[in-house]
């Protein structure tokens, strides 16, 4: 009866909060289901295109089309190099996107359609009648396209969760649901492929015709389901309503490069490059050692995929219970053990499946952990820079591509040392794997390399210290900053004011409490008491971080920063050119004996460098003197742009209506109106881009002056906190 009541209660809750979020939450159940369910379509496309991307272990390109792993490596290097400017372009577009549809949602459709077209075309190229060199060129050209369109599409979906909710645990919970649901996509593909291969293609999974009939319909269904994500989700960033997006490419690049958590997580991936060497073990056992039938292999890959389901289901609970860092370390340690257990099990595919299944369970935690951590890292980035930077993480991540170019040469070397290369006496170079001795020798080496990679992968995680408590505090602080930025600019939002006053009042109350010692005696009191104390300690730590923010201008460092800001403001824009290089030497000679002195010295050096950089920019771009940029022009430009979009939509509607009704006389005139509307929109877009370039240039050279205004306004806002609290209580 209790279970029935729980089910009915949850059903009622889903109905109540279907369109509007629950109290304290940011996503409705409709939005969660749309993001997760539509993810099946997204992952249909992702899973298919992943099999077409160049890598030294690619089965479709290597085994099916017949490209040597060494040549795959050289093609991979060319493709990665081509991705550098494309990734930088993508990052800049995302970080400077100004759209009512958000930063990521529009690109699900804009990039998803080209991905689908490219994926279908890829498998229908008649490789059988082409020369080896021509095959390589065509595959490389397709990968140039994938580097932009597919990378943009995948990033749009994966990073969308970072802006759907600022609540880290809510993001984690949604990621758990999403991961369970979207995993149906690869499970379906992996289950039907061997079955269809056995029934229609002589049990040959390296027949290109198999993929010509499977992939196109799946890709089309994928793009149709992706529309659900676009239509039913809404991005929610914690930014002031009056905040102007002004992310300069190189400034953003430099800012992300200073994010220590980004480097910790990235380093883990780079060091663990060997870990995936064992990845083809099931396919090779089936294809080259005949370890099972086609139908059995279909069952095996389905069961293997089912292992990931349990990991993704339990990940949100484990993260909430133990924290991201502990879950990261423990799951990766188990990963090492289960990969090592593959070594003595090669003679039996079912035993191999058992260890792969266990490894899939712990490995699947990463499907929830990785994006959850990436969301926290982006919140931290906004906290330390004041700007919401998302796309630039991909640009800085290009360093990982350079690392991968070097490390990817290891696998072809291992293959070659075991006889897997062009000219090995076999029609298809991979056919040497039918030799049991060669297979066992190569697979044993690959497993050992994977164990080493898994060990290297776990080491950086011990240095990750962005706790859930700190992330919650960061979100509260971002809300406070956004509110006072709007308040200083004349925006009065009663709901936001009530929320901020509640946050600060709670922080003041909680900060007076003492931390409870989490020792053995407390544990003996029971789990309930221990968890209550743990949660209270977390609230106290959050309170201290919140008050550290709101009271920062009462500290020595805060007072010095405010004093510098007032001095720069009093000097004005023209005063930025008066600074001398000797002032940097003076700043570097400041005392640094105490922690406070070190902080003040660092602050003064950074400010002096920024002023010298501004002086150089002003002399270059504004030799006759810099004047304040009038950003009010954007309001009218954006209104013109919106009207132009509406005019174009109406013109297209009239044109399609004329074509549908076969009104031959009206079609040319309707088409002309479409072209005129497009031209007008292009003109306005060009004016906006030109104004944004001027605005960006102005913000670069005037940064110390603009920062001084921001600091002064923030200090004035924080000084009003007591007054706001009193007015709220009255």
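Just to verify a result, which residue in segment 291-308, among those that are surrounded by fewer than 18 Cβ atoms within 10 Å (Cβ to Cβ) and at pLDDT below 85, is farthest from the chain's Cα centre (by Cα)? If we take residues in segment 291-308 being surrounded by fewer than 18 Cβ atoms within 10 Å (Cβ to Cβ) and at pLDDT below 85, then 293 is farthest from the chain's Cα centre (by Cα). Within segment 230-258, the set of residues being more than 30 Å from residue 490 (Cβ to Cβ) and either part of a helix (DSSP H, G or I) or at pLDDT 85 or above (or both) comprises 230, 231, 232, 233, 249, 250, 253, 254, 256, 257. Checked against the criterion of being at pLDDT 90 or above, assigned by TED's automatic domain parsing to the domain that holds residue 128, closer than 27 Å to residue 213 by Cα and under 23 Å from the mean Cα position of the chain (by Cα), the candidates 40, 32 yield just one match: 40. Determine, yes or no, whether residue 46 is closer than 28 Å to residue 305 by Cα, in a helix (DSSP H, G or I), in the same structural domain as residue 211 (by TED's automatic domain parsing) and under 18 Å from the mean Cα position of the chain (by Cα). Against the criterion (closer than 28 Å to residue 305 by Cα, in a helix (DSSP H, G or I), in the same structural domain as residue 211 (by TED's automatic domain parsing) and under 18 Å from the mean Cα position of the chain (by Cα)), residue 46 qualifies.
Would you confirm, using the coordinates I've provided, whether residue 421 is assigned by TED's automatic domain parsing to the domain that holds residue 164 and part of a loop (DSSP other than H, G, I, E, B)? Yes: the conditions hold for residue 421. When each of 120, 139, 113 is tested for being within 19 Å of residue 53 (Cβ to Cβ), at pLDDT 90 or above, buried (at least 19 other Cβ atoms within 10 Å of the Cβ) and assigned by TED's automatic domain parsing to the domain that holds residue 256, the lone residue that passes is 139. Within segment 54-81, being closer than 14 Å to residue 150 by Cα and surrounded by fewer than 18 Cβ atoms within 10 Å (Cβ to Cβ) holds for no residue. The set of residues in segment 106-140 being assigned to a helix (DSSP H, G or I) and more than 19 Å from residue 208 (Cα to Cα) consists of 106, 107, 108, 109, 110, 112, 113, 114, 115.
Residues are listed down the side, and each one gets a yes or a no for (1) within 21 Å of residue 104 (Cβ to Cβ); (2) surrounded by fewer than 22 Cβ atoms within 10 Å (Cβ to Cβ); (3) under 17 Å from the mean Cα position of the chain (by Cα); (4) in contact (Cβ under 8 Å) with a residue 12 or more places away in the chain:
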site	(1), (2), (3), (4)
167	yes, yes, yes, yes
172	yes, no, yes, yes
185	yes, no, no, yes
191	no, yes, no, yes
206	no, yes, no, yes
209	no, yes, no, no
215	no, no, no, yes
220	no, yes, no, yes
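Scanning segment 526-553 for residues that are farther than 21 Å from residue 468 by Cα and loosely packed, with under 12 Cβ neighbours inside 10 Å gives a single hit, 526. Among the residues of segment 354-368, not one is buried (at least 20 other Cβ atoms within 10 Å of the Cβ) and either more than 19 Å from residue 184 (Cα to Cα) or free of Cβ contacts under 8 Å to residues at least 24 places away in the same chain (or both). Restricted to segment 632-730, the set of helices (runs of 4 or more DSSP H) holding at least 2 residues that are farther than 30 Å from residue 558 by Cβ comprises 633-660, 666-701. When each of 695, 729, 682 is tested for being under 32 Å from the mean Cα position of the chain (by Cα) and surrounded by fewer than 15 Cβ atoms within 10 Å (Cβ to Cβ), the lone residue that passes is 682. Restricted to segment 419-438, and to residues there that are over 37 Å from the mean Cα position of the chain (by Cα) and crowded, with 19+ Cβ neighbours inside 10 Å, the residue that is farthest from residue 282 (Cα to Cα) is 429.
Residue count for segment 123-135 satisfying the condition of being in contact (Cβ under 8 Å) with a residue 60 or more places away in the chain and either closer than 19 Å to residue 50 by Cβ or touching a helix residue (DSSP H, G or I) at 6+ places or on another chain (Cβ under 6 Å) (or both): 4.
Let's see how each residue does on (1) outside the structural domain of residue 506 (by TED's automatic domain parsing); (2) at pLDDT 90 or above; (3) more than 30 Å from residue 563 (Cβ to Cβ):
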{"site": "641", "(1), (2), (3)": "yes, no, yes"}
{"site": "645", "(1), (2), (3)": "yes, no, yes"}
{"site": "656", "(1), (2), (3)": "yes, no, yes"}
{"site": "662", "(1), (2), (3)": "yes, no, yes"}
{"site": "665", "(1), (2), (3)": "yes, no, yes"}
{"site": "676", "(1), (2), (3)": "yes, yes, yes"}
{"site": "692", "(1), (2), (3)": "yes, no, yes"}
{"site": "702", "(1), (2), (3)": "yes, no, no"}
{"site": "713", "(1), (2), (3)": "yes, yes, no"}
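When residue 515 is tested against (1) assigned to a helix (DSSP H, G or I); (2) within 29 Å of residue 173 (Cα to Cα), just one condition goes unmet, and that condition is (1). Among the residues of segment 480-512, the ones that are assigned to a helix (DSSP H, G or I) and without any contact (Cβ under 8 Å) to a residue 40 or more places away in the chain come to 10 in all. Candidates 283, 273, 277: the one that is assigned by TED's automatic domain parsing to the domain that holds residue 448, under 30 Å from residue 435 (Cβ atoms) and not in a helix (DSSP H, G or I) is 273.
The values are calculated or read from the model by the stated rules, or taken from the named source; none is laboratory data. Values in this document were obtained by computation on a predicted structure and should not be read as measured data. Heads up, the Cβs are rebuilt from the backbone with ideal geometry, glycines too, and the neighbour counts pull from every protein chain shown.
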